[in-house]
Amino acid sequence: QASADAALLAASSLIILERFDEAGKLLDVARSIEERNTNVRRDFIARVYLRYSTLERARLDFTRAIEFAKKARVIAPNDVRIEGEFFLCIGRILYSMGYDAVATVWFEKARKSLEPETEIELVLDIYRYLALTSTARFQYAKAIAYYEKQITLSENSRFRRQHRLALYEFASLLSACGYKRRGEQLLKKALDLSL
């Protein structure tokens, strides 16, 4: 189990680094290790398929990304976290394709299906994408509200990178909306945290 978990984590990191071929191989390894176990963790296999979906979205193969996301949902249909990740995954794909309004519907479904207290990492991501889609649709008041929720939720959490990213993105939005001084304050705070 530990080696399968490590392979999944490493694959996720490689996707971020855009080392797609290596990430795909590690996802294959994680899945094959888990499938050889006597007690296969269905939620783990579903998460592997969700990472395959992320990988294909990064490669801009949106059809395959959707197919992998659907496989994850079929494997663990009653898992609330997988359901929330599935909604988030589909929303990200649609956002990447330029369908901001439809993506927002999926992000809202993800938000409603997850509890912020237990699934904070996913909820932070959901608020970020809701802010991004709101900004893309020129709904700045909504975007500001989502960034504020993301910053409040991440401030005292272990997710420091997401907190800094939220501060940077929120500062950019505020500057674009004419709140230059407040934007500069947030940029300084983000820089201080980075240092």
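The values are calculated or read from the model by the stated rules, or taken from the named source; none is laboratory data. Bear in mind that the values here come from a model prediction, so they are computed numbers and not experimental data. Quick reminder, even Gly has a Cβ in these numbers, built from the backbone with ideal geometry, and neighbours come from all protein chains shown. Each accessible area value is taken on the protein alone, full model and side chains, heavy atoms only, with ligands, DNA and RNA left out. Shrake-Rupley method; radii C 1.70, N 1.55, O 1.52, S 1.80 Å.
Of the residues making up region 137-146, not a single one is aliphatic (A, V, I, L, M), open to solvent by 40 Å² or more (accessible area, probe 1.4 Å) and under 20 Å from Arg57 (Cα atoms). If only residues of region 154-195 that are open to solvent by 70 Å² or more (accessible area, probe 1.4 Å) and not in a helix (DSSP H, G or I) are counted, the one that is nearest to Phe138 (Cα to Cα) is Tyr179. Region 1-107 holds helices (runs of 4 or more DSSP H) entirely within its bounds, and those carrying 3 or more residues that are surrounded by 15 or more Cβ atoms within 10 Å (Cβ to Cβ) and among the aromatic types (Phe, Trp, Tyr) map to 42-58, 80-96.
Determine if region 48-64 includes at least one residue that is modelled with pLDDT of 95 or more, over 15 Å from the mean Cα position of the chain (by Cα) and β-branched (Val, Ile, Thr).
Taking every residue of region 48-64 in turn, at least one turns out to be modelled with pLDDT of 95 or more, over 15 Å from the mean Cα position of the chain (by Cα) and β-branched (Val, Ile, Thr).
The single residue among Leu130, Leu173 that is closer than 24 Å to Phe62 by Cβ and either free of Cβ contacts under 8 Å to residues at least 40 places away in the same chain or over 16 Å from the mean Cα position of the chain (by Cα) (or both) turns out to be Leu130. Within region 109-125, not a single residue is in contact with a helix residue (DSSP H, G or I) (Cβ under 8 Å, 6 or more places away or on another chain) and farther than 29 Å from Arg41 by Cβ. Could you tell me whether region 67-74 includes any residue that is within 15 Å of the chain's Cα centre (by Cα) and modelled with pLDDT of 95 or more? Taking every residue of region 67-74 in turn, at least one turns out to be within 15 Å of the chain's Cα centre (by Cα) and modelled with pLDDT of 95 or more. Tell me, yes or no, whether region 129-136 has at least one residue that is open to solvent by 50 Å² or more (accessible area, probe 1.4 Å) and either out of contact with any Leu (no Cβ under 7 Å at 6 or more places or on another chain) or under 15 Å from Thr104 (Cα atoms) (or both). No, that holds for no residue.
Of the residues making up region 151-195, just one is under 16 Å from Tyr129 (Cβ atoms) and among the acidic types (Asp, Glu), namely Glu169. Could you tell me whether region 145-158 includes any residue that is more than 21 Å from Leu193 (Cα to Cα) and hydrophobic (A, V, I, L, M, F, W, C)? Scanning region 145-158, I find at least one residue that is more than 21 Å from Leu193 (Cα to Cα) and hydrophobic (A, V, I, L, M, F, W, C), so the answer is yes.
In contact (Cβ under 8 Å) with a residue 40 or more places away in the chain and of a type in the set (Lys, Arg), is that true of Arg92? So Arg92 does not fit the description; no. Here Thr118 does not fit the description of being open to solvent by 30 Å² or more (accessible area, probe 1.4 Å), polar (S, T, N, Q) and either assigned to a helix (DSSP H, G or I) or touching a strand residue (DSSP E or B) at 6+ places or on another chain (Cβ under 7 Å) (or both).
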